[in-house]
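Contents: one structure, followed by commentary.
The values are calculated or read from the model by the stated rules, or taken from the named source; none is laboratory data. The model shown is predicted, which means the values in this text are computed figures rather than measured ones. Cβ sites come from the backbone with ideal geometry, for glycine too, and all protein chains shown count toward neighbours.
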């Protein structure tokens, strides 16, 4: 590995560690509050660095699987952040050019996973191929305006938690060597998906008969006062 690649790897590890630390802070703090937003921004930019360096390392090693995973991780992070600027999508408002372009690129990553699954008879590639296609298909409906007022809140939670799952998976895949590879790679997604489902259910129950957008915006305005 060249010196530049080693430096890139070092930056990748440092940013990944930061994301692992600040992610739970954003999860635990009050939604819409200053601490949540500050931790969220730190997490987002840490993930951007993680993914950019991961893309370089995947291309450097000619690892198509990791390249597709990096694209999907970027999609989760970017869509989770972008949805904050698309709160009025239910009205048909918002420039979706980059969102659609990223969705197409991620869909291609999913197709690539299917190809790898066939060529290498890889259960792992098939698992992530199905996951990517399901996620992107759901988001395509959202980008077509098939959303309700306040849906952005749940989309934000889902995407950001999915990005955090990717960070945890990367950490475990590098450091856990006593378990089968498929188990290490698939378990965080399975457990994390259950966690996302329970979290969304919790907030929907908590915000029943109230609009999530109004509740969170009120908290943001209060924090800025």
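Restricting 16, 92, 110 to those that are out of contact with any strand residue (DSSP E or B) (no Cβ under 6 Å at 6 or more places or on another chain) and at positive phi reduces the list to 92. Restricting attention to the stretch 80-97, which residues are touching a residue at least 12 places away in the same chain (Cβ under 8 Å) and over 18 Å from residue 189 (Cα atoms)? Correct list: 81, 82, 83, 84, 86, 87, 89, 90, 92, 96.
What about residue 75, is it crowded, with 22+ Cβ neighbours inside 10 Å and either farther than 23 Å from residue 142 by Cα or touching a helix residue (DSSP H, G or I) at 6+ places or on another chain (Cβ under 6 Å) (or both)? Yes. If we keep just the residues of the stretch 25-51 that are without any contact (Cβ under 8 Å) to a residue 12 or more places away in the chain and assigned to a helix (DSSP H, G or I), which is surrounded by the fewest Cβ atoms within 10 Å (Cβ to Cβ)? Looking at the filtered set, the residue picked out is 28. Screening the candidates 19, 109 for the property of being within 13 Å of the chain's Cα centre (by Cα), modelled with pLDDT of 90 or more and within 27 Å of residue 125 (Cα to Cα) yields one hit, 19. When restricted to residues that are touching a residue at least 60 places away in the same chain (Cβ under 8 Å), closer than 24 Å to residue 41 by Cβ and within 14 Å of the chain's Cα centre (by Cα), the stretch 136-156 contains 3.
Scanning the stretch 3-23 for residues that are without any contact (Cβ under 8 Å) to a residue 60 or more places away in the chain and in contact with a helix residue (DSSP H, G or I) (Cβ under 8 Å, 6 or more places away or on another chain) yields 5, 8, 9, 11, 12, 15, 18, 22.
If the condition is being surrounded by fewer than 19 Cβ atoms within 10 Å (Cβ to Cβ), free of Cβ contacts under 8 Å to residues at least 24 places away in the same chain and touching a helix residue (DSSP H, G or I) at 6+ places or on another chain (Cβ under 6 Å), then the stretch 157-196 contributes 172, 173, 176, 184. If the condition is being part of a helix (DSSP H, G or I) and over 15 Å from the mean Cα position of the chain (by Cα), then the stretch 68-99 contributes 85, 89, 90, 91, 97, 98.
Note on the stretch 106-138: residues that are within 20 Å of residue 81 (Cβ to Cβ) and in contact with a helix residue (DSSP H, G or I) (Cβ under 6 Å, 6 or more places away or on another chain) amount to 5.
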